[in-house]
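S.K.: What follows is a single structure, and I will ask about it in a moment.
The values are calculated or read from the model by the stated rules, or taken from the named source; none is laboratory data. On a predicted model such as this, the values are computed, not experimentally measured, just so you know. Cβ coordinates were reconstructed from backbone atoms using ideal geometry, including for glycine residues, and neighbour counts include every protein chain displayed. Protein only, heavy atoms only, side chains kept; ligands, DNA and RNA dropped before computing areas. Shrake-Rupley method; radii C 1.70, N 1.55, O 1.52, S 1.80 Å.
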Amino acid sequence: MRDGLLELTDFHEARLNIDGRVHRTPTIGSTLVGRRCGLRLAFKAELFQKTGSFKIRGVLNKLQSLPPHELARGLVSMSAGNHAAALSYGASIVGASSTIVMPTRAVPSKIEATRDYGGEVVLTDRDLMEVVGELQAERGLTLVHPFDDLLIMAGHGTIGLEILEDVPDVEAVVVPIGGGGLISGIGTAIKRLRPEVRIIGVEPTAADAMTQALAHGSPVQLGHPSTVADGLAAPFAGVHTLRHVREFVDQVVRVEDRAIIDALKLIMTRVKLAPEPSGAAALAAILSGAADLEGAQRVVCVVSGGNIDSATLAAIL
């Protein structure tokens, strides 16, 4: 890392750190959906990742860096679900305890998965980070931030390396945004190697923390954003993620929940993948015309996760 920005070596080191502990997820083409969009389209299927989302990549890279005495104190974080499951699973691998603060409105199946992986779940209607701070003070726990951490971002950036290997002629990559850890990692890794590749981020209109941060020049607190894409409902963008998005991302767009649902249905019926709504946001940006692809034909959408519960699925379909 130099000047607070990730370097190519950070991604290669992260890849070594997590090698053998995560899946090398496939990149799946879809002629039919691509034809509908007028593109040569592929999907990076992180819904097949361990714990059902990309989050485990960053978590394991972070935990690899922690000294034994910090692991021994126990780990703490906040999450609507995917980071919670990843941290619980990762903590079990390294022999640490984990406590995750989750909103009471979190998807029940994500709460259950976090507990099944061994994590302690603290449910609250209060500000999540405030409760995390209290737990740190009371128990001396080690914070593993869900997105605003350079090692977390570097772990997620290994997806970018795989995309370039699988689709060497890629011209644009479209990535969902929550707090910004995923797009910061992917965007930086790709731009370090192929600066001409266009990187586009996508947020739900009702949870546009990165858009607002870019407009204000610093992170903005959103309170409790509500969107069908619960995995993208971060209450703020990170300081580190904002800086990387400014430097390495070409465009950040917003899409309505209806567009996300339409994209989800198309992926399920035509690509035969079953993502959660967050994982369909990238395609939604293309189908709605929000993403400015600037003549790019070879495009990859990142399908970030597949942890959809039966109630949400039934309501959408």
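S.K.: Can you tell which of Val252, Val228 is more than 14 Å from the chain's Cα centre (by Cα), of a type in the set (A, V, I, L, M), within 15 Å of Val175 (Cα to Cα) and open to solvent by 30 Å² or more (accessible area, probe 1.4 Å)?
M.R.: Values: Val228 fails: within 15 Å of Val175 (Cα to Cα).
On inspection, the qualifying residue turns out to be Val252.
S.K.: Taking only pairs six or more apart or across chains, which ones have beta-carbon atoms under 9 Å, a first residue in segment 196-221 that is in contact (Cβ under 8 Å) with a residue 60 or more places away in the chain, and a second residue that is acidic (Asp, Glu)?
M.R.: What qualifies is Arg198/Glu171; Arg198/Asp250; Arg198/Asp292; Arg198/Glu294; Ile200/Asp250; Ile200/Asp292; Pro204/Glu256; Pro204/Asp257.
S.K.: Every residue in segment 261-283 that is part of a helix (DSSP H, G or I) and over 16 Å from the mean Cα position of the chain (by Cα), please.
M.R.: Going through segment 261-283, the residues part of a helix (DSSP H, G or I) turn out to be 261-271, 277-283.
Result: Ile261, Asp262, Ala263, Leu264, Lys265, Leu266, Ile267, Met268, Thr269, Arg270, Val271.
S.K.: Identify the single condition in (1) among the β-branched types (Val, Ile, Thr); (2) assigned to a loop (DSSP other than H, G, I, E, B); (3) within 18 Å of the chain's Cα centre (by Cα) that Val220 does not satisfy, given that it satisfies every other one.
M.R.: (3)
S.K.: Take Ala154 and decide whether it is in a helix (DSSP H, G or I) and touching a Leu at 6+ places or on another chain (Cβ under 9 Å).
M.R.: Values: in a helix (DSSP H, G or I): yes; touching a Leu at 6+ places or on another chain (Cβ under 9 Å): yes.
Against the criterion (in a helix (DSSP H, G or I) and touching a Leu at 6+ places or on another chain (Cβ under 9 Å)), Ala154 qualifies.
S.K.: Between a first residue in segment 160-183 that is within 12 Å of Lys44 (Cα to Cα) and a second residue that is surrounded by 19 or more Cβ atoms within 10 Å (Cβ to Cβ) and of a type in the set (Phe, Trp, Tyr), which pairs have beta carbons less than 9 Å apart while being 6 or more apart in sequence or on different chains?
M.R.: Within 9 Å, the pairs are Gly160/Phe11; Leu161/Phe11.
S.K.: From Leu151, Leu123, which residue is open to solvent by 30 Å² or more (accessible area, probe 1.4 Å) and within 19 Å of Leu6 (Cα to Cα)? Spell out how you get there, then give the answer.
M.R.: Details: Leu123 fails: within 19 Å of Leu6 (Cα to Cα).
So the residue among Leu151, Leu123 that is open to solvent by 30 Å² or more (accessible area, probe 1.4 Å) and within 19 Å of Leu6 (Cα to Cα) is Leu151.
S.K.: Now for a separate question. Return the residues of segment 223-243 that are in a loop (DSSP other than H, G, I, E, B) and among the β-branched types (Val, Ile, Thr); say none if nothing qualifies.
M.R.: If we filter segment 223-243 for residues that are in a loop (DSSP other than H, G, I, E, B), which is where we start, we get 223-229, 233-238.
Of everything in segment 223-243, those that are in a loop (DSSP other than H, G, I, E, B) and among the β-branched types (Val, Ile, Thr) turn out to be Thr227, Val228.
S.K.: Another question about this same structure. Can you confirm whether segment 88-105 contains a residue that is closer than 20 Å to His224 by Cβ, hydroxyl-bearing (Ser, Thr, Tyr) and crowded, with 22+ Cβ neighbours inside 10 Å?
M.R.: Going through segment 88-105, the residues closer than 20 Å to His224 by Cβ turn out to be 100-105.
Now narrow it down to the ones that are hydroxyl-bearing (Ser, Thr, Tyr): 104.
Now drop any that are not crowded, with 22+ Cβ neighbours inside 10 Å, which leaves none.
No; the residues of segment 88-105 include none that is closer than 20 Å to His224 by Cβ, hydroxyl-bearing (Ser, Thr, Tyr) and crowded, with 22+ Cβ neighbours inside 10 Å.
S.K.: Given the conditions (1) at positive phi; (2) in contact (Cβ under 8 Å) with a residue 60 or more places away in the chain, and given that Asp3 satisfies all but one, which numbered condition is not satisfied?
M.R.: (2)
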